[in-house]
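Engineer: Below are the structure tokens for one structure; questions will follow.
The values are calculated or read from the model by the stated rules, or taken from the named source; none is laboratory data. The structure displayed is predicted, hence computed values, not measured ones. Backbone-built Cβ (ideal geometry, glycine too); neighbour counts: all protein chains shown. Ligands, DNA and RNA are stripped out before the accessible areas are found, and what is left, the full protein with its side chains, is counted by its heavy atoms. Shrake-Rupley method; radii C 1.70, N 1.55, O 1.52, S 1.80 Å.
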Amino acid sequence: MTLRKRLIFRLVIVIISPVVSLLVLELLARLKFTPSETQSFTIFQYHPNKVFTLQPNISGIFADHNVSTNSFGHRDEDFPVSKPVSEFRVLALGDSVTFGDGVSASETYPEQLEGRFDSELQGHSFQIVNAGVPGNGPMQEYYDLVEGL
């Protein structure tokens, strides 16, 4: 074998061996980690300004927890638009942390904050509206703020 043929052979081995290794790893991963059936339930819907938002009036399982939304598409109970004089309302904007991804509705920080305000500040009632949506960024939160006001 000439020097040129040996160099070409080594170059082919150097290029092909990682490709073959990756293909074998991919095959093994597909055999071991077969994809589970996708659920047809989704909490999201298209929004012209925000790209996506939560669907209003839904109830189902998301991230292994029961999730329901109100008529505004917030993970909160329904409430009248006009508020009593003694009630304070706070709009909690955010992403999956505010939404409470992976926890029940009563464990979200807006719900915890509402309970704390109600118990510590007697004489006033508080409504902390959970407008968090998993995957939200500043642009979506801006539109949540505009629509929430």
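Engineer: Taking the stretch 135-149, which residues are surrounded by 15 or more Cβ atoms within 10 Å (Cβ to Cβ), touching a residue at least 24 places away in the same chain (Cβ under 8 Å) and either assigned to a helix (DSSP H, G or I) or β-branched (Val, Ile, Thr) (or both)?
Structural biologist: Gln140, Glu141, Tyr143, Asp144, Gly148
Engineer: A further question on this structure: When you scan the stretch 60-99, how many residues do you find that are assigned to a strand (DSSP E or B), modelled with pLDDT of 90 or more and over 18 Å from Leu149 (Cα atoms)?
Structural biologist: So the answer is 2.
Engineer: If you check Gly123 against the conditions, is it among the small types (Gly, Ala, Ser) and in a loop (DSSP other than H, G, I, E, B)?
Structural biologist: Here the answer is yes, as Gly123 does meet what is asked.
Engineer: Another question about this same structure. Being open to solvent by 70 Å² or more (accessible area, probe 1.4 Å), within 19 Å of Glu141 (Cα to Cα) and of a type outside the set (Lys, Arg): is that true of Gln112 here?
Structural biologist: Taking the combined requirement at face value, the residue does not satisfy it.
Engineer: Something else: Does at least one position in the stretch 10-19 carry a residue that is open to solvent by less than 100 Å² (accessible area, probe 1.4 Å) and part of a loop (DSSP other than H, G, I, E, B)?
Structural biologist: Within the stretch 10-19 (the criterion being open to solvent by less than 100 Å² (accessible area, probe 1.4 Å) and part of a loop (DSSP other than H, G, I, E, B)), the answer is no, since none of the residues qualifies.
Engineer: List pairs: first in the stretch 12-26 and at positive phi, second β-branched (Val, Ile, Thr) and exposed (fewer than 10 other Cβ atoms within 10 Å of the Cβ), Cβ under 7 Å, 6+ apart or cross-chain?
Structural biologist: Cβ pairs passing all conditions: none.
Engineer: Same structure again: So, in the stretch 58-69, how many residues would count as being surrounded by fewer than 12 Cβ atoms within 10 Å (Cβ to Cβ) and out of contact with any strand residue (DSSP E or B) (no Cβ under 8 Å at 6 or more places or on another chain)?
Structural biologist: Result for the stretch 58-69: 1.
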